[in-house]
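Every read-out reported here was derived from the displayed coordinates using simple, explicitly stated rules and does not represent laboratory data. Bear in mind the structure is a predicted one, so any value in this text is a computation, not a measurement. Here the Cβ positions follow ideal geometry from the backbone for every residue, glycine too, while neighbour counts run over all protein chains shown.
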Amino acid sequence: MTDFEALYRADADPWQVASAWYECRKRALLMASLPQQRYGRVLELGCGTGITTRELAQRCDDLLAIDSAPTAVSRCRAVLEAAGLGHARVEEGELPRAWPVTPGATVDLIVVSELAYYFSDADLTAFLDHCHNSLAPGADWLLCHYKRPFHDRMQDTDALHRRAGALPGMRHLIAHDEDDFRLDVWRAAGGSAS
């Protein structure tokens, strides 16, 4: 897998998430695509430096954000602290092996943006299963991924989104598909999220 820690040490914002029009527009679409105004428990997987994390934290009661790069985790914590968002926590973990949700516990929203295409086939299967099993009844699951080829991509965006949507009990709510990226939201069976 890509050495994300080296990327974050070399550049405070390696993908220009805070400044590039593509990233700002995509983030606005991501936030506007969340079906609920507010969520209880939210899990953000692959949080990076916390730009999206800060916005998600403003729409939930409890947020857990995960990233594998210690430098990104540190920056994300600083962003949340500066914004006074004490109900949001950030942990370091190598997904999917270090799954942050205790078996049997669930969340009301999972956000995965620009992460799942880095996984091997086996890791993607485990990752999607972990996500699926961590959804509360009626919870929402958002996936957003770049579509164009790049050197360390291991999964095709359309294929991995289809795999997520094919998991049992998932109802497709929202689809946004354009040349550069795809965004989908599914709801788990069993009601509506809080």
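Remark on L34: its backbone amide H falls under 5 Å from none of the residues 5 or more positions apart or on other chains, H modelled at 1.01 Å from N.
Between the amide H of E114 and those of C144, H145, Y146, distances stay under 5 Å, these residues lying 5 or more places away or on another chain, with hydrogens modeled in the peptide plane.
Rg and Dmax over the alpha-carbon atoms of the chain stand at 15.3, 45 Å. The amide H of I174, built 1.01 Å from its N in the peptide plane, has V185 as neighbours under 5 Å, considering only residues 5 or more places off or on other chains. Counting every other Cβ atom within 10 Å of each residue's Cβ, I66, I174 order from fewest to most as I174, I66. Here the 3J(HN,Hα) profile of region 95-101, calculated from phi with Karplus coefficients 6.51, -1.76 and 1.60 at θ = phi - 60°, is 7, x, 5, 8, 6, x, 9 Hz, Gly and Pro shown as x.
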